[in-house]
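The values are calculated or read from the model by the stated rules, or taken from the named source; none is laboratory data. Please read all numbers here as calculations on a predicted model, not as lab measurements. Don't worry about glycine lacking a Cβ; one is built from the backbone with ideal geometry, like all the others, and counts go over all protein chains shown.
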Amino acid sequence: MRNWITLGFLVVMAGALAACGDDKAADKASNEDKVLNVYNWSDYIAPDTLATFEKETGIKVRYDVYDSMPMLEAKLLAGGSGYDVVFPSLTPFLAQQIKAGIYQPLDKAKLSNYPGLSPAILKTMSKNDPGNTYSVPYMVAPTGIGINVGKVKERLGTVPQGSGDLLFDPEVTAKLKDCGISLLDDPVDVIPAVLAWLGKDPTSQDPADLQTAMEALQKIRQNLKYIHSSSYINDLANGDLCVAQGYGGDLIQARDRAKEAANGVEILALVPKEGTAFVIDTMAIPKDAPHPNNAHVFINYMMRPDVVAAITNTTGYANAVPASLEKVDEAIKSDPFIYPSDEDRAKGFSVPPAEKDYERERTRAWSTYKTETK
Ligand code: N2P
């Protein structure tokens with residue numbers, strides 16, 4: 001009991017002392033514990049990113065990871081997640097979540113590295129986050145296909161260069177079934193990819209197109225090894241999968257892990273020629289974040305050219321800070337899968353925010369699909 005009273009007294013005193021200062025940011029900071037709760041995608045930082053931040057700022061990071069947007073969305077919409085910084089994809093998620101009112105506006109005065117962000121990416125983002133109010137860009141990535149070159153060649157006699165046939169054609173996938181095919185566990189990634197492969201508008205929200213896509217998926221269900229959004233990295237690298245739909249940098253990591261293991265597995269990462277989604281992942285602060293000031297300090301750190309260059313070098317994802325390129329490895333900078341030409345990027349699409357009815361239908365169709373026995 002005494003301890004609590006002492007603690008309460010100290011907190012009040014600290015607040016009173018802080019109120020005497022004239023630096024507003026410092027006032028707020030002094031009221032916050034030196035703690036930060038971050039919820040990010042898995043495999044999305046460099047090994048020393050957090051340790052360096054903690055050393056520089058004295059702020060201790062509690063770090064949790066998710067591997068799909070539905071996981072983040074479930075936590076955020078429930079409220080009271082306790083997270084200070086999260087990494088939602090711009091479309092359709094952040095766009096919808098802004099409308100749901102779950103983020104707080106960023107205080108740009110606290111983000112000294114903001115001017116270093118790519119103006120082109122900010123402009124794209126402003127379509128979904130008007131005035132770039134709630135978010136800053138983190139990484140940009142295509143959804144791609146990872147291919148085990150040896151195993152696919154053995155079974156097909158050739159390695160198709162980036163066609164959705166490898167994932168969605170019933171005959172092709174039947175031939176690859178024994179060596180393992182996987183899809184991402186998010187209908188927002190899968191349905192548009194199927195529609196593009198069918199030659200339809202991948203951004204369609206017509207229920208008839210959804211049904212057509214689900215029928216196409218039905219025909220390959222028995223040929224899938226699993227549906228998951230991160231296991232494919234190691235499984236591709238170890239030779240336990242031969243084709244995986246995956247996020248750009250994750251496929252690069254699979255390729256690199258195989259190379260490091262020198263296990264005879266060669267992974268090719270490609271964008272389907274039928275077109276693919278390019279996703280901008282962002283950083284944002286939930287409205288009820290317990291440490292919003294620390295959150296700004298962290299976001300600012302993550303936009304520093306040296307910090308984000310190291311992350312790009314580790315993860316194989318293209319970042320949004322042009323000045324970081326000086327420190328990005330040549331092999332990564334010149335890889336068109338990671339840094340595509342403007343022309344190739346223009347061929348990509350982004351998945352628009354969904355109408356509620358359509359979203360419900362899509363979620364329902366997807367969960368039925370996943371639980372169906374093969
Ligand atoms: C990181 C996946 C992030 C990319 N593992 C998804 N947009």
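Go through the residues of the stretch 306-320 one by one and say whether even a single one is more than 22 Å from ALA277 (Cα to Cα) and over 19 Å from the mean Cα position of the chain (by Cα).
Checking the stretch 306-320: at least one residue is more than 22 Å from ALA277 (Cα to Cα) and over 19 Å from the mean Cα position of the chain (by Cα).
Which pairs turn up if I take residues in the stretch 57-75 that are closer than 20 Å to TYR103 by Cα and look for partners that are within 12 Å of the ligand (Cβ to nearest atom) and assigned to a strand (DSSP E or B) with beta carbon separation below 6 Å, at least 6 apart in sequence or on another chain?
Going by the 6 Å Cβ cut-off, the qualifying pairs are VAL65/ASN40; MET69/SER89; LEU72/TYR66.
What single numbered condition from (1) more than 16 Å from the ligand (Cβ to nearest atom); (2) surrounded by 16 or more Cβ atoms within 10 Å (Cβ to Cβ) fails to hold for THR158?
Condition (2) is where THR158 drops out.
Show the residue pairs that are 6+ apart or on different chains and have beta-carbon atoms under 8 Å apart, the first residue being within the stretch 189-204 and assigned by TED's automatic domain parsing to the domain that holds PRO170, the second being of a type in the set (Ser, Thr, Tyr) and assigned to a helix (DSSP H, G or I).
LEU195/THR212; LEU198/THR212; LYS200/THR212
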